[in-house]
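S.K.: Below you will find the structure I want to go over with you.
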Amino acid sequence: MNTAGVLSAPREESAAPAAAPAGHDRACGVLALARMLEFGDSMLPVGAFAFSGALESAVQKGVVHDADTLRDFTSTALEQAARGDAVGLACVMRAAVADDRAALERADREIYCRKLSEEARLMSVRMGRKLAEMCVEATGPEAMTPWLEGIRAGRTPGTYPATLGVLFAGLGLSPDQALTTHQYGVATTILNAALRLMRVTHLDTQRILFLLIRDFERQCAHAASAAPEDMCGYAPMTDILAAVHVRAHVRLFMS
Amino acid sequence: MSAPQHAAREVRPRPPQAPEDDGAGGGGPGMRAPQHAAREVGPRPPQASEGDGAGGGGDCVARLRNELDRICAAASELDAYRTEPRQMPSGVVGKYGYLRLGFRKEADGRSVLYDIDRRVPFLVQKGLYWDEGMPHMPCVFIITTTGCLLQGDRMALEIRVGENAVGHVATQSATRVHMMDANYAAQLQSIIVEPGGYLEYMPDPLIPHRTSRFLSDTAVSIAESGSLIYSEVLLPGRKYHHEDERFGFDLYSSHIHAVRRETGEKLFAEKCLLEPRVSDVLQTGVMNGFDVFGVVVLLTQPDKARRVRDCIGADVDLQGRLAYGATVLPGECGLSFKVLGDASETVRAKIRQFWSVARETITGCPLPEEFLWR
């Protein structure tokens, strides 16, 4: 097996190689789909349940108060992720496939230095580290071992999108699969938090998720084709809510 | 503070040559000749030597222009807007503004604006000492002689603050970006703060008219012991002028990024991209129904950043129509303070409050009362 981070793990014949351009992965096999479900599941023990992505203060301040505003807030978070973190994730996958460790760590730092809120940074590096630790401990692939060492040695911040990219490249999954998993995680983190923070039903959140998933194709296509310097965003209210949350007296979530 | 007192402060002994009309005023090719078109030295000329500026004027102009051209060529968001205007072509003489400002601390403890180089439509006259809270600080108004930004305009600005020097830079009025049917306007701002330096760069709001496209790139290189306060305020357009002018612009792209002067380490980056015709900027979580967006980037030492953050607070008041909050930047290198409001006045008042706290925390000096006419 290749320890440096590429194509090292259980790969089945039908799975498209990670280097395959978007669109080639439609022929992926059951194993690839199941891996995607496994690492995209909200029960993945990386601590996503502890974060709300500023929804907690959005509810406290009345910015989000019903299913419609929750849908819009989640949609904004997805658009931001698609133009920011997901672009970084696609870069990480390209670097991991090319076995370019310097480019990989550079992309990780680019993701990190665009997180201007302390809680968003904490969420990203904590979940990234948890994911790397879980893989080294329980699942592989081997590429995660040097990646975790890099995080522990402080060589690289180990943001969640970057770690997810290293993992999916290591499993031989495609960038589309990684991007979809990433976007799905952004949506479910907020919607799961909503169930505990406001008066919405499981049916409401499922309806919202079903609706917002329609945008994934466009979002993932953008993220896969954008250059690292295209990473951008614009969600000042979400940024302000993150600042409000840091100072909040009562907090159920860490962001 | 009343107006006449401020005016009186400006009347100081003038340096031998009034620099206002030097070189850069014209629009013809001849304007490139003077390398240091105006060398302003503050109230008491300290004999600034020719060689200690930011380098040869022509080299600096070319270097910054090349950098701005490179940024514009690489920016994919501009791809839809690369046609040439039917009027003057983009980026020719008169449409390629350049301004270099250098601040330096003198032996007597005062700072001076010792270096100016400028190309139309940028104009700067001299450093004035109007700030009664920091009477040792030269304050500079950047004047744009064309009064606005037009399609095809390229503006490059360089500010260098020397060791332990202080400086304040502002604009005379709001920057209007006019309607466009071809090309775009772009600006590059390069800011260098040396150890112990302190710079306030607080331009007036930007007003993008409908169908305008504007790209801004602000590159900061700051020493660990240096401090910078930089603000941007974005209005939705002239919303009482035309029904299509509330976020009627095509593109607003602002990239602010900073590196550590000593090591070159990247501190943070934020690229705000607004395309109101592509996605709804008023949506929940984005502008959330607010019209005016303000951001202040404060780069300073971690303990000071934390003190400012704790003092300024954070709140979202949907009834009172104001939302603001500061987050700590990566590596605790400073703060990003964002404000949303419905009017330029409320947003600027909040920014002024932040500025006041930041100045007091960093320099120990108070912010004087706002000029009556501002």
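The values are calculated or read from the model by the stated rules, or taken from the named source; none is laboratory data. None of these values were measured; they are calculated from a predicted model. Note that each Cβ is placed from the backbone with ideal geometry, even for glycine, and that neighbours are counted across all protein chains shown.
S.K.: Given the condition part of a strand (DSSP E or B) and in contact with a helix residue (DSSP H, G or I) (Cβ under 7 Å, 6 or more places away or on another chain), answer yes or no: does some residue in segment B:166-178 qualify?
M.R.: No, the conditions are met nowhere in segment B:166-178.
S.K.: Going through segment A:147-166 one residue at a time, which ones are of a type in the set (A, V, I, L, M) and in contact (Cβ under 8 Å) with a residue 40 or more places away in the chain?
M.R.: Across segment A:147-166, the qualifying residues are A:Ala162, A:Leu164, A:Val166.
Residues checked against (1) more than 24 Å from B:Glu194 (Cα to Cα); (2) surrounded by fewer than 16 Cβ atoms within 10 Å (Cβ to Cβ); (3) among the basic types (Lys, Arg):
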| residue | (1), (2), (3) |
| --- | --- |
| B:Arg277 | yes, yes, yes |
| B:Val281 | yes, no, no |
| B:Gly285 | yes, no, no |
| B:Leu298 | no, no, no |
| B:Ala305 | no, no, no |
| B:Asp310 | yes, yes, no |
| B:Leu318 | yes, yes, no |
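S.K.: Among B:Gly133, B:Gly58, B:Gly94, B:Gly109, which is the only one that is without any contact (Cβ under 8 Å) to a residue 60 or more places away in the chain and in a loop (DSSP other than H, G, I, E, B)?
M.R.: B:Gly109
S.K.: Continuing with the same structure: Report the residue count in segment B:242-266 for those that are touching a Phe, Trp or Tyr at 6+ places or on another chain (Cβ under 9 Å) and either among the aliphatic types (A, V, I, L, M) or not in a loop (DSSP other than H, G, I, E, B) (or both).
M.R.: Number of matching residues: 7.
S.K.: Return yes when B:Val278 is farther than 26 Å from A:Arg71 by Cβ, within 13 Å of chain A (Cβ to nearest Cβ) and either touching a Ser or Thr at 6+ places or on another chain (Cβ under 7 Å) or at pLDDT below 95 (or both) and no when it is not.
M.R.: Here the answer is no, as B:Val278 does not meet what is asked.
S.K.: Among the numbered criteria (1) farther than 18 Å from B:Val297 by Cβ; (2) out of contact with any Leu (no Cβ under 7 Å at 6 or more places or on another chain), which single criterion is violated by B:Ser344?
M.R.: (2)
S.K.: Moving on to the next point. Quick one: which helices (runs of 4 or more DSSP H) lie wholly within segment A:83-158 and hold at least 2 residues that are within 14 Å of chain B (Cβ to nearest Cβ) and not hydroxyl-bearing (Ser, Thr, Tyr)?
M.R.: A:85-97, A:101-113, A:118-134
S.K.: Here's another thing I want to ask about it. Considering only residues of segment B:110-123 that are surrounded by fewer than 24 Cβ atoms within 10 Å (Cβ to Cβ) and at pLDDT below 95, which is farthest from the chain's Cα centre (by Cα)?
M.R.: Across segment B:110-123, the extreme among qualifying residues is B:Val120.
S.K.: On to the next question. For segment B:322-343, does any single residue satisfy the condition of being part of a helix (DSSP H, G or I) and in contact with a Phe, Trp or Tyr (Cβ under 7 Å, 6 or more places away or on another chain)?
M.R.: yes
S.K.: Of these, B:Ala305, B:Ala326, B:Ala314, B:Ala343, which one is in contact with a Gly (Cβ under 9 Å, 6 or more places away or on another chain), farther than 30 Å from B:Asn164 by Cα and either in contact (Cβ under 8 Å) with a residue 12 or more places away in the chain or of a type in the set (Ser, Thr, Tyr) (or both)?
M.R.: Within the list B:Ala305, B:Ala326, B:Ala314, B:Ala343, the selection yields B:Ala314.
S.K.: Conditions: (1) more than 10 Å from chain A (Cβ to nearest Cβ); (2) touching a Leu at 6+ places or on another chain (Cβ under 7 Å); (3) part of a loop (DSSP other than H, G, I, E, B). B:Lys239 meets all but one. Number of the miss?
M.R.: It fails just one condition, (2).
S.K.: Among the helices (runs of 4 or more DSSP H) lying completely within segment A:188-255, list those that include at least 2 residues that are over 21 Å from the mean Cα position of the chain (by Cα), touching a residue at least 60 places away in the same chain (Cβ under 8 Å) and more than 13 Å from every other protein chain (Cβ to nearest Cβ).
M.R.: Output list reads A:202-212.
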